Each structure stands twice: as C-alpha cells, then as structure tokens.
Amino acid sequence: MGRMARIRAKLRGEQPKKAGVLLALPALRGESHTTQVLCAVMAGAISARPDWPYYVEPYGLMYRSPVDAAMNGLVKHFMESDHEYLAIWDHDAIPPPNWYELIGRGDIVSGVTWMWDAERDPVKRLQFNQFRLNKRDQAITVVPTPDELSAESYEVDIVGTHCMVIHRRVFDKLGMRPFIEPTGPDGARLMSCDVYFCRAAKVAGFKVQIIPSVIFDHVKATGLKGVYEALVSMMHLGRRSGYAVGYQDAKAGNPSALDGQSSTLAPAPAIDPATVEASAEFVPEDEDGKESAA
C-alpha cells in the first residue's frame, strides 16, 4: 500500500493493510549466525507495531545441494503466500539496522556487500558483490564510484542473493523456476543461479539496483595470511591502475587512496609485484570492451 493510500485509510478510520515480506534465511547445511537469526526474529516481532509499514514473516530453509533447487523451492513457498516482497539473507550475511530500507525500492534490490574467495589469486580474493556485463557478455566486478556511493541508488546488471529483496512481479513474469545453474556438455557449471536469475530478469525488463546506504557484512572464516596477501596485491594493482578497493576511500571521493605510499603495510616477501597481473574483473575497460592500459 502506497503512502497516499495509507493516509486515506487513516482518515477513514481504517487499519491499512501492511505490505507482506517473506524474510528467507537459506542456511547451507544448517549453518547460520546468531546475529542474523536474532535480527530476523526482531523483524517479525516489530511487525506488530502500528507505525511499522511491513508485515515480516521469517522463514528458515536448510539445504545442501543443488542450490538452484533450494532457491526455486523458496520461490514456490513465497508465491503460495500473499506476501509482496521476498527478502533473502544468505547464511553468512549480517544485516545492518537499516536493512529494511531495501524494501519497496524497486524490482530487485541489494545493499552493498563483499565477496571473499581464499582459493583464488590474491588480487581476486576480495571483490564487491555486484557486476556488470561487458560487450563480450562477461560478468565484470563493479567498483562503485564516489557518485554512486553518494546517490540514493544505482543500477547494475547482477548482484548475488546475499542480501536481496525481490518484488512479486518479477516471479509473476519469470515463473516458478527462475534460478537455474546451466551446465556445459562436460557437466561443468557455466554460471551460478543468482547470476542466471539477474540476467533473465534484465532480459525481461526488470532493473537490478544497489542501495549504497545499506551495508551488509559478509562473514567468512579465513586465514589472516591470505587477507594480508590480498591487501598487498591490490595495493600494488592500485598503484599501477588507480583501482580503488576501499569502500570508505571511494565514498570520501578519494578513489586513488591506495596510490603511492599511503599504506603503512610493507610488501609481502612472498609476492613479487612484477608478477601481479590485473584480472579481467578489475582492469578498466574502454568503450570497445578492450582492456585499457594500466
């Protein structure tokens, strides 16, 4: 119900109907964080407040594999309800106090969050969980600009389901199985189901948006040595290409804060800066989709 409809209902002495939100907590192998569960319980409890505009129903889902089957089962449960929005918090997502600001903002909406992959090369381990498609139809990690981070929202092509809010109209058009993990002839996975979902939604005419004022933490268990190597590698890349990895630096309008000698960390002996190559995800591109010179 929109703002004017709520005002008219109040003037008529009616109790306005709240927009329903199914808050899904898909837990991989039953894992979840206490902070996340407490936030979900509080979100459900606060729905009783007359001034709270949403009715939030927490919904736990334990799964193993395949992920796309679990996500489509979640969509089926949502579509059988009368809720207007499906909110998804991955099992390792820690929501901020203003998480609800993602609701009612568009078709597919996410907050700012990060990814970590300890198995990748150091320079590729820490990334923003948001992507665009280049002219070769490849998903490229998006580094938010200072203007984007100071805006109310900005549009991307793909986000993960880590902290996603989806309006019912998206599933009305995409159907009951919008999450698919396509495989190649050899059975290898071609893309994750959240990448497929966002691409299908974009083709169907929906927008994928980021609300930069809503920042979700992404909890990972990893060795500090790997974190150190990643930071040093990205600092060397930043010195050569102007790549900005710091959220606060970018938000402050200083995307080259890693340039020069701004860091007090000494180079890691195990990493030779000359051998650190910028990956396709991070190298700036020109208008033709070709890698620009660093």
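None of the figures in this text is laboratory data; all of them are computed from the coordinates on show. Everything quoted here is computed from the prediction, not taken from an experiment. Quick reminder, even Gly has a Cβ in these numbers, built from the backbone with ideal geometry, and neighbours come from all protein chains shown.
From the Cα gyration tensor of segment 131-193, with a ≥ b ≥ c the square roots of its eigenvalues, which class applies: rounded if a/c is under 1.5, or else prolate if a/b is larger than b/c, or else oblate? Oblate shape, in that a/c is at least 1.5 and b/c is the bigger or equal ratio.
Can you compute the modelled spin-label distance between residue 46 and residue 62, with each label point 7 Å from Cα toward Cβ, in nm? About 2.8 nm, to one decimal.
For residue 161, no residue whose modelled amide H falls within less than 5 Å of its own remains once neighbours fewer than 5 places apart on the same chain are excluded.
Grab the beta carbon distance between residue 101 and residue 121, set R0 = 41 Å, and tell me the FRET efficiency rounded to 0.05. E between residue 101 and residue 121, to the nearest 0.05, is 0.70.
Let me know the shape class of segment 77-198, please: from the alpha-carbon gyration tensor, a ≥ b ≥ c as square roots of the eigenvalues, rounded when a/c is under 1.5, otherwise prolate if a/b is greater than b/c, or oblate. Don't skip to the answer; put the middle values down first.
Details: a/c = 1.63, a/b = 1.11, b/c = 1.47.
Since a/c reaches 1.5 but b/c is at least a/b, the shape of segment 77-198 is classed as oblate.
With both labels modelled 7 Å from their Cα along Cα-to-Cβ, the residue 169 to residue 219 distance reads 3.6 nm.
Extension gain, residue 135-residue 69: 0.36 nm per intervening residue step, less the Cα-Cα distance, totals 20.7 nm.
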